[in-house]
Amino acid sequence: MNKLRILLAEDHETIRDGLKLLINSQPGMEVIAEADNGQTAIQLSKELLPDVIVMDVSMPKLNGIQATRKLKESCPELKVLILTRHKESGYLQQLLASGASGYVLKQSKSAELLRAIQAVADGLMYLDPGVTENAVSRLRESSGRAPQRTEPHASLSAREIDVLRLIALGYINKEVADQLNLSIKTVEAHRAKAMQKMGFKSRVEVVRYAILKDWLSE
């Protein structure tokens with residue numbers, strides 16, 4: 001089995017060495033290149049076309065958001081996983097809008113980073129649970145209110161919007177059911193109906209729409 005080829009962009013050498021050691025300890029992953037600034041990350045990514053780019057936000061020359069945006073403009077097939085200490089939901093929206101496929105907190109456990117790398121490599125969106133906790137709390141408080149918006153080509157119920165929001169925030173059906181006090185079958189039914197109404201084929205489309213509607217920062 002071929003290993004996942006990871007490009008590691010992090011300006012702090014000590015942190016970068018630790019991340020490299022962690023990733024290389026996994027039988028299915030290897031760090032193929034390192035960058036200590038955004039410009040170098042872009043150059044190496046274009047040359048090597050790694051499976052996943054683990055991109056720190058705070059770097060010299062170009063920060064992670066700027067580097068990700070430029071990379072996705074020229075090489076949209078590249079997958080970027082953002083690594084940062086920031087938890088703010090507004091910051092999350094900026095990162096996803098830049099084209100990143102995921103977002104992991106530096107303070108999370110090592111297993112979270114490895115899980116995120118694999119998910120992004122598999123073509124999924126990945127949001128660190130630590131990032132979405134506050135947003136989910138606000139969603140639960142307001143889940144009983146009807147939406148004050150008109151959808152362009154479908155009429156979603158309040159509960160269908162609740163389900164789509166949580167899906168966009170990275171939760172699987174069972175977790176959505178727990179958050180909204182519903183059965184898994186009911187969540188699956190709401191999800192299927194909502195995605196049919198909106199013409200969505202994947203979770204990536206749900207996340208993009210959530211960003212457009214500003215669902216991740218409400």
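What dipole magnitude, in Debye to the nearest 20, does the range 1-117 give about its Cα centre under +1 on Lys/Arg Cβ and -1 on Asp/Glu Cβ? Walk me through the numbers on the way to the answer.
On the way: 15 positive and 14 negative charges, 56 e Å.
I would put it at about 280 debye.
In nm, to one decimal, how far is the modelled label at K193 from the one at I32, with both set 7 Å along Cα→Cβ?
The two pseudo-label positions are separated by 4.6 nm.
What length, rounded to one decimal in nm, is gained on full extension from H86 through to D122, with 0.36 nm per residue of separation minus their alpha-carbon distance?
10.5 nm
Given the pairs K20/K106; K46/K72; K3/K61; K3/K174; K20/K79, which are separated by over 22 angstrom at their Cα positions?
Details: K20/K106 14 Å; K46/K72 10 Å; K3/K61 30 Å; K3/K174 31 Å; K20/K79 18 Å.
Violating the 22 Å limit, Cα to Cα: K3/K61; K3/K174.
Taking 0.36 nm per intervening residue step and subtracting the Cα-Cα distance, what contour gain separates I172 from I184 on full extension?
Numbers: separation 12, 0.36 × 12 = 4.32 nm, distance 0.99 nm.
Full extension from I172 to I184 adds 3.3 nm.
Under a point spin-label approximation (7 Å from Cα along Cα-to-Cβ), what is the N2-S108 distance to one decimal in nm?
It works out to 2.6 nm between the two label points.
The numbers here are math on the coordinates, done by the rules we state, and not lab data. Values in this document were obtained by computation on a predicted structure and should not be read as measured data. Backbone-built Cβ (ideal geometry, glycine too); neighbour counts: all protein chains shown.
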